[in-house]
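Heads up, the thing below is written out as structure tokens.
Here, each number is a calculation from the coordinates, and none is a lab measurement. Nothing here was measured: the structure is a model prediction, and the numbers come from that model. Neighbour counts run over all protein chains shown; Cβ positions are idealised from the backbone, glycine included.
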Amino acid sequence: MSDAIGTLAVVPAVTAAGAVAAAAAVAAAGRPDRAVWPARLAVAAGAVSLAAAAGYVVAPPDYGEAAGWAGIGECAALLVLLVAATRWAPRRSAVAAVVVAGLAVAVCVLRFLPSDSLLDAVGACALWAGGPAVAVVIGGYPRLAEARRRGSVARERRSQRLALARDLHDFVAHDISGIVALAQAAKFVAGTDPARALDALDRVEAAGLRALDTMDRTVAMLGDLAGPPGAAPGLADLPELLHRFGGHVESSLAAPDGVPVEIGATAYRLVQEALTNVHRHAPAATAVRVVVSRTPGRELAVTVTNDAPAPGTATPGNGTGLADLRHRAHLLGGTLRAGPHDHGWRVAAVLPLDRP
């Protein structure tokens with residue numbers, strides 16, 4: 001019996017030495033593919049420590065001060081492993097380590113408790129349980145912060161991809177709609193005016209190349225392959241947009257000087273979306289008027305009207321294009337409305353030049 005008690009007396013020192021060595025090895029390795037090892041070592045060392053505590057309770061030995069210091073070192077090593085497991089180990093392994101190693105540290109005090117009172121034992125274990133709680137906080141806080149950061153990055157990436165998808169709709173849909181309209185016109189005049197048909201086909205080719213180039217850039221940005229993005233089109237690019245649209249377009253455009261970039265880009269996209277909807281929903285329109293003006297109240301007014309309402313119930317603005325632009329205008333402190341006007345259709349927006 002005395003030999004068994006003597007063996008139990010040296011268990012804390014052996015456990016402490018092994019746990020400290022294991023913790024040092026884990027800290028030195030620092031490899032993500034070995035993140036499970038802190039938890040496994042904590043579970044193994046905690047199980048040994050619990051067995052030693054059970055032996056002390058069953059047959060309390062008479063040990064010296066050295067064994068007491070060894071027990072404290074053992075608890076310290078278990079706490080180090082507990083911090084590492086909570087910080088890096090997979091969730092299930094970390095939970096197992098917290099349960100086993102945390103319980104081992106909490107009951108370790110029973111080896112050195114001079115009182116046999118149950119109340120004293122419970123109070124001492126509860127006090128020592130504060131150590132594992134602090135270790136879990138130390139290891140868990142950076143883990144939680146990293147998880148939140150990853151979630152934030154994921155949400156931001158999703159937001160950027162949705163924005164790129166809207167850009168793809170704004171720019172490519174316009175070019176595709178123009179291609180369809182030009183192809184229909186070429187088909188209509190092919191038999192009577194081959195020269196005009198060839199001119200329309202040339203414009204179809206140019207619009208197709210622009211659409212392909214836009215899609216390539218957008219797909220590259222979605223795959224994080226693009227370089228620094230270029231400047232967004234704005235008021236200065238509206239004349240080219242109207243020229244590409246062709247047809248009977250009357251325009252009155254304000255000078256782009258002094259217009260904030262985000263306001264100019266929103267105005268450009270609004271005109272682009274409205275013209276795209278004319279192609280889609282009002283091909284019979286004989287006149288389209290685009291007016292961009294500055295109001296005395298330091299606002300930019302953008303209006304696009306045509307003289308042919310959409311047939312039936314398929315009215316412009318039921319898709320996502322104008323809905324997205326309406327939301328964007330609201331974020332800029334402005335308004336956007338679309339609906340019947342006189343005998344046609346009007347899209348009108350007012351955007352403040354001074355951000356609220």
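Near Lys187: Cβ cut-off under 13 Å, other residues only, Lys/Arg at +1 and Asp/Glu at -1. The net charge is 0. At full extension, Glu240 and Glu146 could sit 29.1 nm farther apart than now, given 0.36 nm per residue minus the alpha carbon distance. Extension gain for Leu198 to His330 (0.36 nm times residue separation, less C-alpha to C-alpha distance): 43.2 nm.
Taking label points 7 Å from Cα along the Cα-to-Cβ direction, Lys187 and Thr286 give a separation of 2.4 nm.
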